[in-house]
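A short reminder: the numbers here are calculations on the coordinates, not readings from a lab. Just so we're clear, the structure is a prediction, and the values are computed from it rather than from any experiment. FYI the Cβ positions are ideal-geometry reconstructions off the backbone, even for glycines, and counts take in every protein chain you see.
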Amino acid sequence: GAVVSQHPSRVICKSGTSVKIECRSLDFQATTMFWYRQFPKKSLMLMATSNEGSKATYEQGVEKDKFLINHASLTLSTLTVTSAHPEDSSFYICSASPILAGVGDEQFFGPGTRLTVL
Amino acid sequence: AQKVTQAQTEISVVEKEDVTLDCVYETRDTTYYLFWYKQPPSGELVFLIRRNSFDEQNEISGRYSWNFQKSTSSFNFTITASQVVDSAVYFCALSEAGANSKLTFGKGITLSVRP
């Protein structure tokens, strides 16, 4: 089956620092990757859609300068939380859509990254 | 705009009971896709099922079954003879055909199965 990894799985950082989270499709190529955010006991909220080789499309209310997304290859997308603050603490989950996927096809989810900002 | 409503927030049952998780959706598209995911305490989302809007056949997979009713815009999920391992948060999600496969999730239902 299609596997998506995320690194790191857990990160604790000080307020004001930047944190980079990697999302990799291990056994398939993905033209599109999605970044979600999940607060404790809450639903997943889509932050942005990342397409390889182009700028990410951010959802309304998501600060693009705060959450930098780079999709440099067909197997890697990164999310950088810049100048992190305690309110950025959350569970960040990525998903990847295979290169030949049709609309509505299953997305494959990573295991998530738990970010804690002190 | 698309919307998914999971009115139940928490359900607690005793092992071997049957339980139904409700999902109601809203969309203006005629072509759309519905999903159910399971999120155990580890946090990783586990894909359970995908159904497109043109396929109203109910589906059964082991102890799991899904009832898709377009007339009521519902896509309910039933677990038969629940087990402790079924304890998790269950999300219903919707993807519209013209939305680049973006998923809109419901708020999730926390299912606790007691021994």
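What is the Cα centroid distance between the range A:53-84 and the range A:21-42, reported in whole angstrom? After rounding, the separation between the Cα centres reads 11 Å. Hey, what D do you get for the range A:1-105 in µm²/s if you plug the Kirkwood alpha-carbon radius into Stokes-Einstein at 25 °C and 0.890 mPa s? Result for D is 174 µm²/s.
Per the Debye formula on identical point scatterers at the alpha carbon atoms of the range B:1-96, with no solvent, log10 I(q)/I(0) at q = 0.14, 0.22, 0.24 Å⁻¹ is -0.50, -1.19, -1.37. Sequentially through the range A:3-8, phi angles give Karplus couplings (6.51, -1.76, 1.60; θ = phi - 60°) of 10, 10, 10, 10, 9, x Hz, Gly and Pro residues having no value and appearing as x.
Taking trypsin sites (Lys or Arg not before Pro) across the range A:27-118, the ones in a DSSP loop with at most 12 further Cβ atoms lying within 10 angstrom of their Cβ are A:K41, A:K55. Residue-normalised convex hull volume from the C-alpha trace of the protein assembly as shown: 124 Å³ per residue. The mean of 1/r over all distinct Cα pairs in the range B:70-115, once inverted, gives the Kirkwood hydrodynamic radius of 12.8 Å. Equivalent ellipsoid of the range B:43-88: semi-axes from √(5λ) of the C-alpha gyration tensor, largest first, are 22, 13, 9 Å. When the Gaussian network model of chain A links Cα atoms closer than 10 Å, the mean-square fluctuations of A:A96, A:A56, A:A72 top out at A:A72. For the range B:25-64, the alpha carbon positions stretch 35, 23, 12 Å along the principal axes, listed from largest to smallest. Mind listing which chymotrypsin sites (Phe, Trp or Tyr not before Pro) in the range A:40-99 are in a DSSP loop and have 16 or fewer other Cβ atoms within 10 Å? Those that pass, being in a loop and sparsely packed, number zero. Among the listed pairs A:K14/B:K3; A:K64/B:K3; A:K64/B:K70; A:K55/B:K70; A:K41/A:K66; A:K20/B:K70, a Cα-Cα separation exceeding 31 Å is found for A:K14/B:K3; A:K64/B:K70; A:K55/B:K70; A:K20/B:K70.
Compute the separation of the alpha-carbon centres of the range B:10-50 and the range B:65-100 and state it in Å as a whole number. Comparing the Cα centres of the range B:10-50 and the range B:65-100, I get a distance of 4 Å.
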